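A short write-up of the structure that comes next.
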Amino acid sequence: MKLERSAGILLHITSLPSKYAETKQKLWQILPLTTINCPSPYSSESSCGGNPWLISPEKLTDMNVLSSEDLELLTNGTKFHGDYVSFKDVNEFKEKLLKKSFENFQNSKNHKEILDKFYADQSFWIDDFVLFMIIKSQHKGLPWNEWPSALRHHDPAALDELRRTNRNEYEYHLFVQYIFDQQWKQLKKYANEKNIQIIGDMAMYVDYNSVDVWANSKLFKLDSNTMRPTVVSGFPADENYDIQIWNQPVYQWNDANIRQDLFQWWIRRIEKSLSMYDIVRLDHFRGFVQHYVIPIDAQTSKPNTSDAHWVNTPSEELTREVFQLRDAMKFYGIRILQMGFYCYPDNIYSPHNYLPNSIAYTGTHDNATSLEWWTSVARREEKDLFKKYVHRPCSSEVDFEKHIPWYFIQMILQSASNGAIVLMQDLLSVNVRMNYPGKDSSMEENGPQNWSWRFKWSQLTSNIREELKELTEMYGRNLLYGKAIPPKDMIMQGDSSFFLK
């Protein structure tokens, strides 16, 4: 992957995107766009299916599948809170819009040809996805291991009968994915025309109650009788968090009879992501080297954290260290600024140690905002080191605190990292997280909770936009040729790499 010196924003679509081009940003990083089992975009029913909640009602009218009158009638009296996503209400609202849009779409002359072409283009995943959605709905959301035996075991004859007797519902789910695909392509095209690259996010694990596990059960560590996971994924406790139990099944990485099929599944999944995004972030990349497994107690059916441990993944055959694997694949590493002040001076997260083949972040969706880090997370020694690092005079602790987000932004923009990503909350100097790891959230809730944060347009003031633009240009993240061009008399003899072709 080759990335020129650039900057961008980390902001999921559910939090409402900004007009990045005004501030000379070239990168827009988002979280996974897949269908979800709960508010977390990392808890998905499918690694390939698009989340219908992200479909734009206004674009449905542009696509001529929903009239202005339909939209006005269906949205009459509908109001959503501006500060957070009302997951329950959004689900009901979008379903009404899509049902009506499908009804209109069926009246068009070439609707079958459109769906047939989309099916052919997405054939490696779409059939299993649609069948899963139909069966799950018919069985009131029950986990797939509790379905009738033939459906649970993906019996071809049973699935053929399901296709035959549920043709209309089958076409509806095809239609929803087609609409998502078309709208996403339009959005990505618009961003690319504005010289903005979209960084997508691909989770390491998939949910147990997902089409991926149901249709490819042999790829996961499951009990042969109950079809439930024998171990689940997670992450050990550290100084900030208790042990994390992700409750997602673990891959059969080390079964020689399964490995090639598992590799092919991963390849197709990565190819799908690369077809959607300009750049893909592999979440929990360490999982390709080692994965943390938490055994399921046979008596209680609950995770047994006392026996949790790390297990080597097949890449262990290639390298024994995650950074070595990353560098061998020529992938970019991540540098999170909040982690840069707990030791000194050899900490790889300290800005002076950033390398060009990395992307620097003020924070991520799982981290505290820079304000929260300063007020609630950072230890006294970290604060002292931070103050020495920025070396800025301040009249009081309160005066210093209010500048923390912009100190963070300035440091990553002036770093050597080719990519610099600013968390939107840091840009706005707000203290609201996207996610607190390990904290539950529910699709049946409408109030503030994990993954529900949104910002308002009024928060993105002209002063903020101008300041970000000024720093972006000052630190060479909007260069005409993507890199600095030295005067000819400064070029090393025999080095022609700086001359423009």
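The values are calculated or read from the model by the stated rules, or taken from the named source; none is laboratory data. Because the structure is predicted, anything quoted here is derived from the model rather than measured. Quick reminder, even Gly has a Cβ in these numbers, built from the backbone with ideal geometry, and neighbours come from all protein chains shown. With ligands, DNA and RNA removed, areas are computed over all heavy atoms of the protein, side chains included. Shrake-Rupley method; radii C 1.70, N 1.55, O 1.52, S 1.80 Å.
Here are some notes:
- On full extension, the segment bounded by Asn312 and Lys2 gains 108.7 nm, given 0.36 nm per residue less the C-alpha separation.
- Given +1 at the Cβ of Lys and Arg, -1 at the Cβ of Asp and Glu and no other charges, the dipole of the chain around its Cα centre is 1020 debye to the nearest 20.
- Loop-resident trypsin sites (Lys or Arg not before Pro) (DSSP state other than H, G, I, E or B) in segment 318-415 with no more than 15 further Cβ atoms inside 10 Å of their Cβ: Arg320, Lys330, Arg379, Lys402.
- Relative compactness, segment 335-408, computed as alpha-carbon Rg over 2.2 N^0.38 Å: 1.07
- Above-threshold pairs, the threshold being 29 Å between Cα atoms, out of Lys189/Lys402; Lys100/Lys189; Lys2/Lys94: Lys189/Lys402; Lys2/Lys94
- Net charge dipole size for segment 1-153 [Lys, Arg +1 and Asp, Glu -1 on Cβ; Debye, nearest 20]: 360 debye
- In order along segment 195-200, phi translates into HN-Hα couplings of 6, 10, 9, 9, 9, x Hz, rounded to whole numbers, per the Karplus curve 6.51 cos²θ - 1.76 cosθ + 1.60 with θ = phi - 60° and x for Gly and Pro.
- Residues with amide H under 5 Å from that of Ala7, placed H, sequence gap 5 or more: Lys26, Leu27, Ala420
- Nearest-0.05 FRET efficiency for Cys394 and Lys140, computed from C-beta distance (R0 60 Å): 0.55
- Measuring nothing but how far apart in sequence close Cα pairs (under 8 Å, 6+ apart) lie, relative to its length, segment 20-108 scores a relative contact order of 21 percent.
- For Ile296, the residues whose modelled amide H falls within less than 5 Å of its own, excluding neighbours fewer than 5 places apart on the same chain, are Val231, Val232, Asn304.
- The chain, accessible surface, carbon-and-sulfur percent (1.4 angstrom probe): 50 percent
- Selected from Val213, Ile36, Ile196, residue furthest toward positive end of dipole (the chain; charges at beta carbon): Ile196
- For the chain, DSSP calls about 40 percent of its internal beta bridges antiparallel.
- Residues whose amide H lies under 5 Å from that of Arg335, counting only those 5 or more places away or on a different chain, are Ile359, Ala360, Tyr361; hydrogens are built 1.01 Å from N in the peptide plane.
- Förster-model FRET efficiency, 41 Å R0, Lys88 and Asp384, C-beta, rounded to 0.05: 0.35
- Phi to ³J(HN,Hα) by Karplus 6.51 cos²θ - 1.76 cosθ + 1.60 over segment 449-466, Hz, x for Gly, Pro: 6, 3, 6, 9, 4, 9, 10, 9, 4, 5, 6, 8, 6, 5, 5, 5, 4, 5
- FRET efficiency, Glu466 to Ala328 (Cβ-Cβ, R0 35 Å, nearest 0.05): 0.25
- Estimated translational diffusion coefficient (Stokes-Einstein, Kirkwood radius over Cα pairs, 4 °C, 1.567 mPa s) of the chain: 52 µm² per second.
- Packing rank of 351-358, 105-112, where each peptide gets the mean count of other beta carbons within 10 Å, highest leading: 351-358, 105-112
- Karplus-derived 3J(HN,Hα), 6.51/-1.76/1.60, for each residue of segment 165-182, Hz, glycine and proline x: 8, 10, 4, 5, 5, 4, 5, 4, 5, 4, 4, 4, 5, 5, 4, 4, 4, 5
- Accessible surface for the chain, divided over its residues, is 50 Å² per residue with a 1.4 Å probe.
- Dipole check for segment 67-221: with +1 at the C-beta of Lys and Arg, -1 at the C-beta of Asp and Glu, and the Cα centre as origin, the magnitude is about 80 Debye.
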